Amino acid sequence: MTNQTSVDARPADATSLREAIDAGRTTPAALVERAIERAEAVNPQLNFIAWPNFDRARAQAATARSGPLAGIPTMIKDMIMEKGIPAGWGAAALRDFIAPDDAPYARAIADTGLISIGRSAMPELGLNVVTESPLVGATRNPWSLDHTPGGSSGGGSAGVAGGVVPIAHASDGLGSIRHGAAPCGLVGLKPSRGRNIGDEALRSIADLNVNGCVSRTVRDTAAWLEATQTRAPGAAFAPVPLVTAPVETKLRIQAYCRVMRTGADPDASIAHVFADTIDLLGRLGHSVGDGQLPFAPSAAIGALHNITEGMFSRRLGFLSEQIGIAIGPDDLEYRSKTLVEQGNRIADADYDAAWQAMEGNVASYLALLQDIDIWMTPTFSTEIVRIGVFGPDTSWPDQRDHLPDYAGYSWTDNSAGSPSISLPIGFSDNGLPVGMQFATRPGGEALLLALAYQLENAIEWWHRKPPIWVGDN
């Protein structure tokens, strides 16, 4: 876990910028203007902006704002609607759609006082672990332009990692917050199902998607979660207080790193960071043991295939009805079109059987989490992939096994509704960020954040800057 990068002063995060506003050392207008300048400077290389909102951001920064993150520039993923703003979901077929209203979580972000300078890029309909689409093109990683910043939250992750904004909205259906954070050396927390504003009714195993953020520091992620969580009567969980300190108790941690479908070990550089993390956790006083999955992993991946393929093919019409624009397979990129074709081949009986199998897997996983404090895995099984490996012009059948082998550690927490966080622990042999993932029982975000603080204090990842960096030094 050697620091491979510049170790200048800690870069300004959202928390420190908010303190600077309060102390009169800067203004929201100045911060927004600087973020716009940075975006214009680096977006030609990274291509992380789907739709700029510069004029609206300037107007918002010129008026008084309230909220715990008031005046801080951010970006909102092109996946939740903001009234009067384009919302393309990464799909060329939706390039002319203008959102008629704000989504509940968009209102929650606005209520924090954050100011979005633009919509961040994402893959078509959020269906990929990279951010490459016919609508925007390939989004690139500030650590290496030849590599992906992950997905589907790769646009916001690239913008934060490059220093354009200190924090950005992200969403996660099968790992997308964590799959954007890890390639970019960021903190990425997937909250529990039902935790956030707008998610009050989510209780089903099929309710996979949640919202959150990517950031460079744990305290920024903690502040975002505290500000955007629901406090509605009857919510799934009591509100999480603002977490500000490292964990002080000894945790029971189980660590697992095998590729689920094949049982193979992760690549050597991933295994090295995994082992170093276990060693660090031991030195910090935690008890770390070898973890064993509580379900048959290969069969679980088979069920996951039937669910993801069958769900997308069956829900495409629902999206069309929701936004009033007809979308058929021929309107999609080749990868998505072949995914729909694969899903259409799955009989209803097999689709239902896959969900029944997943119910059993989730029950076993939740039972495991009751007996330990933390379940730890890598975020990816290999170094982050190059642009084009999972691109929109490749067919889904050519990707369907490679994808879960690469990124298959994250889906369990979406199915189970449990929180999970990817932390920027180390680097691959080629100097690219490597994330490690930590999960706990539903409602346990405070524990994950406290552990994250402890690891952040030990590693001090906030010093790290990628080769493409436009933030404060």
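So if R0 is 30 Å, what FRET efficiency would Arg252 and Asp472 give, r being the distance between their Cβ atoms, rounded to the nearest 0.05?
0.15
How large a share of the accessible area of region 309-454, in percent, is made up of carbon and sulfur atoms when the probe is 1.4 Å and the other protein chains stay in place?
Roughly 48 percent, rounded to a whole number.
How much length is gained on full extension from Ala23 to Ala326, taking 0.36 nm per residue of separation minus their Cα-Cα distance?
104.0 nm
Testing the spin-label approximation: label points 7 Å from Cα along Cα→Cβ at Ile98 and Phe54. State their distance in nm.
2.1 nm
Restricting to bridges with both residues inside the chain, how much of the DSSP beta-bridge set is antiparallel, in percent to the nearest 5?
Within the chain, antiparallel bridges account for around 75 percent of the total.
Among the lysines in the chain, how many pairs, 8 or more places apart or on different chains, have alpha carbons under 24 Å apart?
5
Please compute the contact order of region 369-439 in relative form: average sequence separation of alpha-carbon pairs under 8 Å and at least six residues apart, divided by the residue count, as a percent.
Worked out over region 369-439, it gives 44 percent.
Please state the relative contact order of the chain as a whole percent: Cα pairs under 8 Å, 6+ residues apart?
Here the relative contact order equals 20 percent.
On full extension of the chain, what length is gained from Leu319 through Ala349, given 0.36 nm per residue of separation minus the C-alpha to C-alpha distance?
So the chain would gain 8.5 nm between Leu319 and Ala349.
Hey, what's the chain come to in accessible area per residue, 1.4 Å probe, Å²?
35 Å²
How do 149-158, 373-382, 282-291, 85-94 rank on mean C-beta neighbours within 10 Å, highest first?
The most tightly packed comes first, giving 149-158, 373-382, 85-94, 282-291.
What relative contact order, as a whole-number percentage, does region 75-166 give when Cα pairs under 8 Å and 6 or more residues apart are counted?
Once divided by the residue count of region 75-166, the mean separation gives 26 percent.
The values are calculated or read from the model by the stated rules, or taken from the named source; none is laboratory data. Note that the structure is predicted; figures quoted are calculated from it, not measured. FYI the Cβ positions are ideal-geometry reconstructions off the backbone, even for glycines, and counts take in every protein chain you see. Just so you know, the surface numbers come from the protein's heavy atoms only, side chains and all, with ligands and any DNA or RNA stripped out. Shrake-Rupley method; radii C 1.70, N 1.55, O 1.52, S 1.80 Å.
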